[in-house]
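See structure below.
The values are calculated or read from the model by the stated rules, or taken from the named source; none is laboratory data. On a predicted model such as this, the values are computed, not experimentally measured, just so you know. As a convention, Cβ positions derive from the backbone with ideal geometry for all residues, glycine included, and neighbour counts pool all protein chains shown.
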Amino acid sequence: MRLVSFDNVSLAICYDDISNYSDFLAKQNVLIDTWFFDGFSPAKNPDMWSACLFKNCFKLTAHGGRFATFTAAGFVRRHLINAGFTVQKRKGFGLKREMLVGYK
Ligand SMILES: C[S@@+](CC[C@H](N)C(=O)[O-])C[C@H]1O[C@@H](n2cnc3c(N)ncnc32)[C@H](O)[C@@H]1O
């Protein structure tokens, strides 16, 4: 993990396979304000969109914290809802018809 700080913002940059991130996230003692889920196509790269990952992300989300993702795939939406997020479909951008946003 690499920590970068500028002004009053700290950025933790982690490089690893997502299968290791899930365990890593479960051990963290921080609260995240905003997630951006951007792990390539859910149909082609399901490991980046697993139920376990979203559960761990939800646990680390501050009350009122938000997420956004370019995808509106049904299984991703269900995993996010099951993890505890309130999920909304929005008009997408670029070539995407719909996208998901949500909050805790
Ligand atoms: C669409 S790109 C994200 C781009 C990034 N949001 C940006 O704006 O620069 C998808 C990212 O998912 C990462 N990725 C895909 N499969 C992964 C995996 N199994 N473990 C960790 N990272 C993975 C890729 O390395 C890539 O950086």
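Going through (1) loosely packed, with under 10 Cβ neighbours inside 10 Å; (2) of a type outside the set (A, V, I, L, M); (3) modelled with pLDDT of 95 or more; (4) assigned to a loop (DSSP other than H, G, I, E, B) one by one, ASN29 falls short only on (3). The single condition among (1) away from the ligand (no atom under 13 Å from the Cβ); (2) in a loop (DSSP other than H, G, I, E, B) that SER41 does not satisfy is (1).
Here VAL9 passes the criteria (1) at pLDDT below 90; (2) surrounded by 12 or more Cβ atoms within 10 Å (Cβ to Cβ) except the one numbered (2).
So that you can scan it fast, the table gives a plain yes or no per residue for (1) within 16 Å of the ligand (Cβ to nearest atom); (2) assigned to a strand (DSSP E or B); (3) touching a residue at least 24 places away in the same chain (Cβ under 8 Å); (4) not hydrophobic (A, V, I, L, M, F, W, C):
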{"residue": "SER10", "(1), (2), (3), (4)": "no, yes, no, yes"}
{"residue": "ASP16", "(1), (2), (3), (4)": "yes, no, no, yes"}
{"residue": "TYR21", "(1), (2), (3), (4)": "yes, no, yes, yes"}
{"residue": "ASN56", "(1), (2), (3), (4)": "yes, no, yes, yes"}
{"residue": "ALA62", "(1), (2), (3), (4)": "no, yes, yes, no"}
{"residue": "PHE67", "(1), (2), (3), (4)": "yes, yes, yes, no"}
{"residue": "ARG77", "(1), (2), (3), (4)": "no, no, no, yes"}
{"residue": "ILE81", "(1), (2), (3), (4)": "no, no, no, no"}
{"residue": "MET99", "(1), (2), (3), (4)": "yes, yes, yes, no"}
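The numbered conditions (1) under 10 Å from the mean Cα position of the chain (by Cα); (2) surrounded by fewer than 16 Cβ atoms within 10 Å (Cβ to Cβ); (3) closer than 21 Å to ASP23 by Cβ are all true for TRP35 except (2).
Selection of the stretch 14-51 for residues being within 13 Å of ALA73 (Cα to Cα) and of a type in the set (Ser, Thr, Tyr) yields SER41, SER50. Among residues of the stretch 85-96 that are closer than 15 Å to ALA73 by Cβ and without any contact (Cβ under 8 Å) to a residue 60 or more places away in the chain, those with a beta-carbon under 7 Å from a residue that is of a type in the set (Lys, Arg) and outside any loop (DSSP other than H, G, I, E, B) at least six positions away or on a different chain give the pairs VAL87/ARG77.
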